[in-house]
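Each remark here refers to the structure printed beneath this line.
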Amino acid sequence: MIHSNEEITYFAKTNFRNQDKKFGIKLDDRRRHMYVLGKTGVGKTTLLKNMIIQDIENGHGLAYLDPHGDDVQEVLECIPTNRINDVVYFNPADMEHPIAFNILENVDPAYSHLVADGLMGVFTKIWANMWSARMEHILRNCILALIEVPGNTLLGIMRLLVDKEFRRKIVDKVANPVVKSFWVDEYANWNDRFRVEAIQPIQNKVGQFLSSTIIRNIVGQPKSTIDIRKFMDESKILLLNLSKGKIGEDNSNLLGAMMVTKLQLAAMSRVNIPESERDDFFLYVDEMQNFVTESFADILSEARKYHLCLILSHQYIAQLSTKESTKVRDAIFGNVGTIIFFRVGAADAYFLLKEVEPYLTEEDLVSISNREIYLKLMIDGVNSRPFSATTLPPLSTDRKNLKNMEKVIKVSRERYANPKAEVEEKIIRWLNLEETFQLNAKEERLVGDEVIFKAGATTEKIYKKPLTDKPAAGKSEFNNSKDNRPLNKKSASVPAMDDAMRLEAVCDNCGAKTYLSFIPKPYLNVFCKDCLKKFKNNEIDVSKLTFHNKHLAEEKNTFSQTNLRPSEVSLNDLNKIAPVEKKIMPKDVRPGQRIKL
């Protein structure tokens, strides 16, 4: 839908000579972005909502990131009937109907660094005092590797760090030579102790997000149900309820930053269509300091030609700076066309003097009332001199339609959300945990070497592996070298037990020799791996089986006496089964050393 550049979006009225004259900004001037600054409660959000409602009524496409939740609800109440089908309501707090949003999906290799930069930026902001260069180096290579292999999500970060088989499959498909070199030449040659020390902070911090059901069920779905590029081209309305009170501040910031990054990528992908055919898409970001990173500065300089128009709002300028950089602040004051000031603090008034002198003073900026503004308005591509105005009252008061709001929520769930149970089942399957959960549930019924390995394992098998002193000299996991511990073929991420901890047994079905890592109970059958599969498929008549391994329980009854489950056996119990000979190592005695005999 192509709109006339003369179309005006109204947001204030002048008070010159007591003549209240409503005015606004032309469509072409909005492409140079708008910046709204002012203290809490002065009327910034009302100005944004008035513009959003007009854009919706005029048929424009837009996205609105609301970190509070209440304001996006008001916008929902004002959706006209003819635009119900255009609305996408993204509410992470609706945990029974999670929308799939995979930021790693369909990323152009030329822009993969933008995804990594966006995620690095938000992680750095959240853990500013605990983030290190080594953590960023490892995590960046994780993200860049996963982006290159379709079907991966952010959940793959944890698997990539600790699951050798998964890592080998991913790295084999990585084309970026620098990323591949990191995994093959650097990461694979770290000894296990150094590796655990290096990745543990990432596991702790990134795992904090991925262990959250809210985040995991949204970012853990490989196939996104929302197509941002399609929303832009079809002028959809994307409303994000990122309420900090419902989903947590860090979760809100992470999802918001990811969405801003995805919007940037979608806008830049419009390079494949002529500029005259690119519909304008408006991005409203309230409390922008929560969602923007240093990579956001690039959007301000490049978004105009892709017809992504920004309307940004927050409280004070210091929110845009860090100890290391003022890149975002400089980008805003260097690229934004229209600047609107509500009442600001003294420090901001001093900073803004260079924008408003000689027409306004610091006192003017700190003493205006609520809903009153000073602004430099872009008019036909040229900035006006600073002047005063009063913002319009809320437009939502006479446009509410609660029935339409209910329809919007229902339509969004049906089109873009998936049932929670279905999502969690797919995530479990992707993480290779499905069989583990089933076996845990059947632990008392199924007994066998393979079962105990998996029944004793939990979801942590993906995140934690036992330490070995060091890898084989001169070898790595990518040149077919063998690990110090043999891997179970069915569960490569779970280390097999040492031979010294195995007991020889006989399969109760076929009579073949097998090995157990536990003492079998006399009333349960033991199977080899082949017969175990048949038993799981109900292909064996249990009533015809005999118990060949009762003698093991009689000869070595250490475990039965302690009444411990296999997963609860201590090292002392294991030592009773397979004693380890103690070696007395000679000690060097230094002159003058006191020795107790």
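The values are calculated or read from the model by the stated rules, or taken from the named source; none is laboratory data. All figures in this text were calculated on a predicted structure; none of them were measured in a lab. Glycine gets a Cβ as well: all are built from the backbone with ideal geometry, and neighbour counts include every protein chain shown.
Just one of the numbered conditions (1) within 22 Å of Met232 (Cβ to Cβ); (2) of a type in the set (Gly, Ala, Ser); (3) buried (at least 21 other Cβ atoms within 10 Å of the Cβ) is not true of Ala145; which one? Answer for Ala145: the failing condition is (1). Listed by position, the helices (runs of 4 or more DSSP H) inside the range 59-166 whose residues that are within 25 Å of Leu265 (Cα to Cα), at pLDDT 90 or above and over 17 Å from the mean Cα position of the chain (by Cα) number at least 1 are 70-76, 133-148.
Every listed requirement among (1) closer than 14 Å to Leu37 by Cβ; (2) out of contact with any strand residue (DSSP E or B) (no Cβ under 6 Å at 6 or more places or on another chain) is met by Asn335 save one, (1).
Can Leu263 be described as buried (at least 20 other Cβ atoms within 10 Å of the Cβ), modelled with pLDDT under 90 and aliphatic (A, V, I, L, M)? Reasoning before the result, please.
On the way: buried (at least 20 other Cβ atoms within 10 Å of the Cβ): yes; modelled with pLDDT under 90: no; aliphatic (A, V, I, L, M): yes.
Taking the combined requirement at face value, the residue does not satisfy it.
Count of the range 10-42 residues, restricted to those that are under 21 Å from Leu310 (Cβ atoms) and more than 32 Å from the chain's Cα centre (by Cα), is 11. Looking across the range 194-206, the residues that are surrounded by 14 or more Cβ atoms within 10 Å (Cβ to Cβ) and more than 13 Å from Val162 (Cα to Cα) come down to Pro201, Lys205, Val206.
In the range 22-58, what residues are part of a strand (DSSP E or B) and closer than 28 Å to Gly248 by Cα? Lay out the reasoning, then the answer.
Within the range 22-58, the subset part of a strand (DSSP E or B) is 22-26, 34-37.
Across the range 22-58, the qualifying residues are Tyr35, Val36, Leu37.
With the condition kept exactly as written, say whether any residue in the range 406-413 is at pLDDT 90 or above and under 19 Å from Lys223 (Cβ atoms). Checking the range 406-413: at least one residue is at pLDDT 90 or above and under 19 Å from Lys223 (Cβ atoms).
Restricting to the range 299-318, give me the number of residues that are assigned to a helix (DSSP H, G or I), touching an Asp or Glu at 6+ places or on another chain (Cβ under 9 Å) and of a type outside the set (Val, Ile, Thr).
In the first step, residues of the range 299-318 are kept if they are assigned to a helix (DSSP H, G or I); the result is 299-306, 317-318.
In the following step, the residues that additionally are touching an Asp or Glu at 6+ places or on another chain (Cβ under 9 Å) were identified as 305-306, 317-318.
Adding the requirement that they be of a type outside the set (Val, Ile, Thr) leaves 305-306, 318.
Residues in the range 299-318 being assigned to a helix (DSSP H, G or I), touching an Asp or Glu at 6+ places or on another chain (Cβ under 9 Å) and of a type outside the set (Val, Ile, Thr): 3 in total.
Beta carbons closer than 6 Å, at least 6 apart along the sequence or on distinct chains, pair a first residue in the range 124-137 that is without any contact (Cβ under 8 Å) to a residue 60 or more places away in the chain and not assigned by the TED database to the domain that holds Lys323 with a second that is assigned to a helix (DSSP H, G or I) and surrounded by 12 or more Cβ atoms within 10 Å (Cβ to Cβ) for Trp131/Thr124; Glu136/Met120. When Arg343, Arg413 are checked against the criterion of being assigned by the TED database to the domain that holds Thr14 and assigned to a loop (DSSP other than H, G, I, E, B), a single residue qualifies: Arg343.
Condition check: surrounded by 14 or more Cβ atoms within 10 Å (Cβ to Cβ) and within 24 Å of the chain's Cα centre (by Cα). Does Phe341 satisfy that?
Numbers: surrounded by 14 or more Cβ atoms within 10 Å (Cβ to Cβ): yes; within 24 Å of the chain's Cα centre (by Cα): no.
Here the answer is no, as Phe341 does not meet what is asked.
Inside the range 305-328, can you point out the residues that are out of contact with any Leu (no Cβ under 8 Å at 6 or more places or on another chain), within 17 Å of Ala266 (Cα to Cα) and crowded, with 17+ Cβ neighbours inside 10 Å? Walk me through it before giving the result.
Taking the range 305-328 first, the residues out of contact with any Leu (no Cβ under 8 Å at 6 or more places or on another chain) are 305-307, 312, 318-325, 327.
Applying the additional criterion that residues be within 17 Å of Ala266 (Cα to Cα) yields 305-307.
Within the range 305-328, Tyr306, His307 meet the criteria.
For Tyr359, the requirement of being in contact with a Ser or Thr (Cβ under 6 Å, 6 or more places away or on another chain) and either among the hydroxyl-bearing types (Ser, Thr, Tyr) or at pLDDT 95 or above (or both) is not met. If you go through the range 382-417 and keep only what is under 36 Å from the mean Cα position of the chain (by Cα) and closer than 23 Å to Asn370 by Cα, you end up with Pro394, Leu395, Ser396.
Taken as a whole, the condition of being over 17 Å from Ile317 (Cβ atoms) and outside any strand (DSSP E or B) applies to Val408.
Out of Lys230, Lys244, I need the residue that is basic (Lys, Arg), within 19 Å of the chain's Cα centre (by Cα) and modelled with pLDDT of 90 or more. Which one? Give the derivation first.
Working: Lys230 fails: within 19 Å of the chain's Cα centre (by Cα).
Every option except Lys244 fails the conditions.
Within the bounds of the range 8-21, is there any residue that is surrounded by 14 or more Cβ atoms within 10 Å (Cβ to Cβ), without any contact (Cβ under 8 Å) to a residue 60 or more places away in the chain, outside any loop (DSSP other than H, G, I, E, B) and on the phi < 0 side of the Ramachandran plot? Taking every residue of the range 8-21 in turn, at least one turns out to be surrounded by 14 or more Cβ atoms within 10 Å (Cβ to Cβ), without any contact (Cβ under 8 Å) to a residue 60 or more places away in the chain, outside any loop (DSSP other than H, G, I, E, B) and on the phi < 0 side of the Ramachandran plot. For residues that are free of Cβ contacts under 8 Å to residues at least 40 places away in the same chain and in contact with a helix residue (DSSP H, G or I) (Cβ under 7 Å, 6 or more places away or on another chain), tally how many sit in the range 231-270. So the answer is 1.
Hey, among Arg193, Arg270, which residue is out of contact with any Asp or Glu (no Cβ under 7 Å at 6 or more places or on another chain) and closer than 30 Å to His307 by Cβ? The match here is Arg270.
The numbered conditions (1) of a type outside the set (Gly, Ala, Ser); (2) touching a strand residue (DSSP E or B) at 6+ places or on another chain (Cβ under 7 Å); (3) crowded, with 19+ Cβ neighbours inside 10 Å; (4) part of a loop (DSSP other than H, G, I, E, B) are all true for Thr293 except (2).
Annotation note: Cβ proximity below 7 Å between a residue of the range 157-177 that is closer than 13 Å to Asn141 by Cα and assigned by the TED database to the domain that holds Leu210 and a residue that is among the charged types (D, E, K, R) and buried (at least 21 other Cβ atoms within 10 Å of the Cβ) (sequence gap 6+ or interchain) occurs for Leu160/Arg167. Among residues of the range 383-408 that are without any contact (Cβ under 8 Å) to a residue 40 or more places away in the chain, those with a Cβ under 7 angstrom from a residue that is among the aromatic types (Phe, Trp, Tyr), sequence gap 6+ or separate chain, pair up as Arg385/Tyr359; Pro386/Tyr359; Pro386/Tyr374.
Quick one: which of Arg371, Arg385, Arg399 is modelled with pLDDT under 95, at positive phi and in the same structural domain as Gly43 (by the TED database)? Only one candidate qualifies: Arg371.
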